[in-house]
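Structure first, commentary second.
The values are calculated or read from the model by the stated rules, or taken from the named source; none is laboratory data. Predicted, not measured: the structure shown is a model, and the values here were computed from it. Neighbour counts are summed over all protein chains in view; Cβ atoms, including those assigned to glycine, are modelled from backbone coordinates with ideal geometry. What goes into the accessible areas is simple: the full protein's heavy atoms, side chains included, and nothing from ligands, DNA or RNA. Shrake-Rupley method; radii C 1.70, N 1.55, O 1.52, S 1.80 Å.
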Amino acid sequence: AVSLAVSAIPEGLPAIVTIVLSIGVQRMVKKNALVRRLPAVETLGSASVICSDKTGTLTQNRMTVRNIYSTENEKTLLRYFLLCNNQSGPLEHALIHYGASSGLIYTEVRKEFPVIEEIPFDSTRKRMTTLHRTPNGYLAITKGAPEFILANCHSYLDKDGSTRPLTHTMRHRLNEQIENYTANALRVIALGFCLHKSRPDNNSLESHLVFLGMAGLIDPPRPEAYAAVKSCQHAGIRPIMITGDHKNTAAAIGKELGICQTKDEVITGADLDAISDRSLPVALKKYHVFARVSPAHKVRLVKGYQAMGNVVAMTGDGVNDAPALKKADIGCAMGVSGTDVAKEASDIILTDDNFSTIVSAVEYGRTIYANIRRAVHFLISCNIGEIITMFAAIVLSLPTPLTAVQLLWVNLVTDSLPAAALGFEKPSAGIMRAKPVKKESNLFGLSDGLLIAFEGLMIGALSLAAYFIGDRLAGAAAADTMCFCVLSMSQLFHAYCMRSEAPLFRVGFFGNPMLIAALAVSTAVQLAVMLIPSLAAAFDVVPLSGELWTIT
């Protein structure tokens, strides 16, 4: 009973799974993915949707000003862009750099009209405002998304310096300019201002603005993002782009990266709000790019994709992204631009803020999942072999072929180093061409279960065959020794065969040095027990003749 219990329980399984996950964590750190929660490594292998921010993750986060449009004077517009600027990001630095090329030095311009109040940029408001003291009163400057700026503008500054009403015709002309910029993948930042004789309150800072102009900036995609998006699509993973940019800009970048094909696959946050929660999962099948979204929309997207049965990875960097990172199956925080709150809510931190790092992490996640399956497969099939060996002997009324100490030794030799070494198996060639593992699927299907049972049956049958042959040729003691050796060695050979479903000559015999070392050590200690007299006596084994060794 004790022997059967030892045979039936894969006691090394929890340790082996933890070791395999830990190996994956170490490998992923070298690929710029820092894992904060160990189970996330395995979850990555099941990811079927990756929701990624655009700026800095899919793009280089290196803004460059390409176009300037001013209703009055370009230098005045640039001066105001420098005044409403807190150097908080790549966009601000791009405007500062462009201003310097036109002879405007940021520090000098800011000294001229000091900032006395600032409302920082907010991902929901899509704009920032600064208030400056001037010799003639107070100057409020607001820059941000053009539709938000134009909505608060009632006039514009003309070429002659006069203020004119913002007519329908002029609005149409400005919107055409915005459409032209965004269609060429430019991010558009508009600017308006208002002069006040006395210091205004916060409620009136951003109202009754005078439109001055806009800038078109380019943030080129990362070169490696193209291949990463293709890899996702081949692997059955939907890459989703999320951005606060204009719909046209988002569509242009999305098409350039291959995330979407037409503008019809792009939806704005406002349009998303008009879709009910019940209809959301159906609607999400159509869209691949989400523009002008807020952090609150991210949570809704995660819930929607999860309702469709997907395993969702979500990126984020701000404080407001924390709920979405927490809700996602795999929360990925930005290591460079991310806040501490976002990192704390995440499962994985991308130390290079790069979309391709997520794809590499998914590949490692799939590899780790496959390696865990290999290890579990190996342990269960070996344990079935031990059960069959012991149970068949009982059913056939034979003497027990293995003592308890021999059975414990077989478990020690086979369930430790070889099983752990399977966790070092490298990604297979086609691992990113397979579909994601479904969330509700079992570790093994029916065919896998039958294969495991067959392998266990083979190990048990070989061990019993050795017992019968040894008993006929040399007696019970030699039969026990041969059965003990065959049971142990067949499991070690089986570990090597677990490396791949493909033939070994295709995979290569030396692709996993750790497994070779583990098998060498395990074989050496098994032979030591067989050949060293003092150890042989402890394990109740007897010397075998050359003929019996050949059979074994």
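Sort segment 80-136 into rounded, prolate or oblate with this rule: let a ≥ b ≥ c be the square roots of the eigenvalues of the Cα gyration tensor; rounded if a/c is under 1.5, and if a/c is not under 1.5, prolate when a/b is larger than b/c, oblate otherwise.
Numbers: a/c = 2.59, a/b = 1.10, b/c = 2.35.
In terms of gyration-tensor shape, oblate.
Computed from the Cα positions only, the extents of segment 160-309 along the three principal axes stand at 60, 34, 28 Å, in decreasing order. Think of the chain as having a plus end and a minus end, set by charges on the Cβ of Lys, Arg, Asp and Glu; of Ala100, Ile394, Ala465, Ala100 sits farthest toward the positive end of this dipole.
Averaged over its residues, the chain has an accessible area of 44 Å² per residue, based on protein heavy atoms and a 1.4 Å probe. Here's how it looks for Asp122: its modeled amide H is under 5 Å from those of Arg127, which are all 5 or more places away or on a different chain.
Sort 315-322, 478-485, 107-114, 512-519 by packing, meaning the average of other beta carbons within 10 Å per residue, with the highest value first. Walk me through the numbers before you get to the answer.
On the way: 315-322: 23.1, 478-485: 25.2, 107-114: 13.2, 512-519: 17.2.
Top of the packing list down: 478-485, 315-322, 512-519, 107-114.
Working from label points 7 Å from Cα in the Cα-to-Cβ sense, the Phe454 to Ala537 distance is 4.6 nm.
What number, rounded to the nearest 500 deg cm²/dmol, is the helix-based mean residue ellipticity at 222 nm of the chain, given -39500 (n - 2.57) per DSSP H run of at least four residues and division by all its residues? Spell out each step's value before the answer.
Working: 24 runs with 283 residues, N = 552.
When only DSSP H runs of four or more count, the value is -16000 deg cm²/dmol.
Ranked by the mean number of other Cβ atoms within 10 Å of their residues, highest first, the peptides 301-311, 458-468, 249-259 come out as 249-259, 458-468, 301-311. In this simple spin-label model, placing a label point 7 Å from the Cα along the Cα-to-Cβ direction at both His154 and Ala461 gives a separation of 9.1 nm.
For Arg36, the residues 5 or more places off, or on other chains, whose built amide H falls under 5 Å of its own are Ile348, Ile349. Rounded, prolate or oblate, given the Cα gyration tensor of segment 1-108, with a/c below 1.5 counting as rounded? Cα axes put segment 1-108 in the prolate bin. The residue among Ala477, Tyr138, Asn86 whose Cα reaches farthest toward the positive pole of the charge dipole of the chain, with charges on the beta-carbon of Lys, Arg, Asp and Glu, is Tyr138. Separation of segment 5-70 and segment 116-159, taken as the distance between their Cα centroids, equals 41 angstrom.
Distance between the C-alpha centres of segment 451-514 and segment 266-298: 56 Å, rounded to the whole angstrom.
For segment 394-453, trypsin sites (Lys or Arg not before Pro) meeting the loop criterion (DSSP other than H, G, I, E, B) and having at most 11 other Cβ atoms within 10 Å: none. Projecting the Cα atoms of Val542, Leu4, Met432 onto the dipole axis of the chain, where Lys and Arg carry +1 and Asp and Glu carry -1 at the beta carbon, places Met432 farthest toward the positive end.
Which order do peptides 410-417, 204-211, 356-363 fall in by mean Cβ count within 10 Å, highest first? Kindly include the intermediate steps, with their values, before the conclusion.
Numbers: 410-417: 21.1, 204-211: 18.9, 356-363: 24.0.
The most tightly packed comes first, giving 356-363, 410-417, 204-211.
Applying 0.36 nm per residue to the separation of Ala5 and Arg506 and subtracting their alpha-carbon distance, the gain on full extension is 176.5 nm. In the set (1) 70, 20, 18; (2) 40, 28, 23; (3) 45, 28, 25, the label that goes with semi-axes √(5λ) of the Cα gyration tensor in Å computed for this structure is (1). Principal axis extents of the C-alpha atoms in segment 370-479 (largest first, rounded to whole Å): 54, 27, 22. Answer rounded, prolate or oblate for segment 296-354, using the Cα gyration tensor with square roots of eigenvalues a ≥ b ≥ c: rounded when a/c is under 1.5, else prolate when a/b is larger than b/c, else oblate. Because a/c hits 1.5 or more and a/b exceeds b/c, segment 296-354 counts as prolate. Placing dummy labels 7 Å off each Cα toward the beta-carbon, the span from Thr107 to Leu446 is 7.6 nm.
Counting only DSSP beta bridges with both residues in the chain, tell me the antiparallel percent, nearest 5. It would help to have the intermediate numbers written out before the result.
Values: 40 of 63 bridges.
DSSP beta bridges in the chain are roughly 65 percent antiparallel.
Surface composition of segment 206-254: carbon plus sulfur atoms contribute 62% of the solvent-accessible area (1.4 Å probe, protein chains only, all chains present). The simple Förster model, with R0 at 60 Å and r as the Cβ-Cβ distance, assigns Ala392 and Gln26 a FRET efficiency of 0.90. Per the Kirkwood formula applied to alpha carbons, segment 321-362 shows a radius of gyration over Rh ratio, Rg over Rh, of 0.94. What translational D, rounded to a whole number of µm²/s, comes out for segment 169-231 from Stokes-Einstein when the hydrodynamic radius is the Kirkwood one over Cα pairs, at 20 °C and 1.002 mPa s? For these conditions, the coefficient is 144 µm²/s.
Computed over protein heavy atoms with a 1.4 Å probe, the carbon and sulfur contribution to the accessible area of segment 43-187 reaches 47%.
Two numbers describe the Cα atoms of segment 408-552: Rg and Dmax, which are 18.0, 54 Å.
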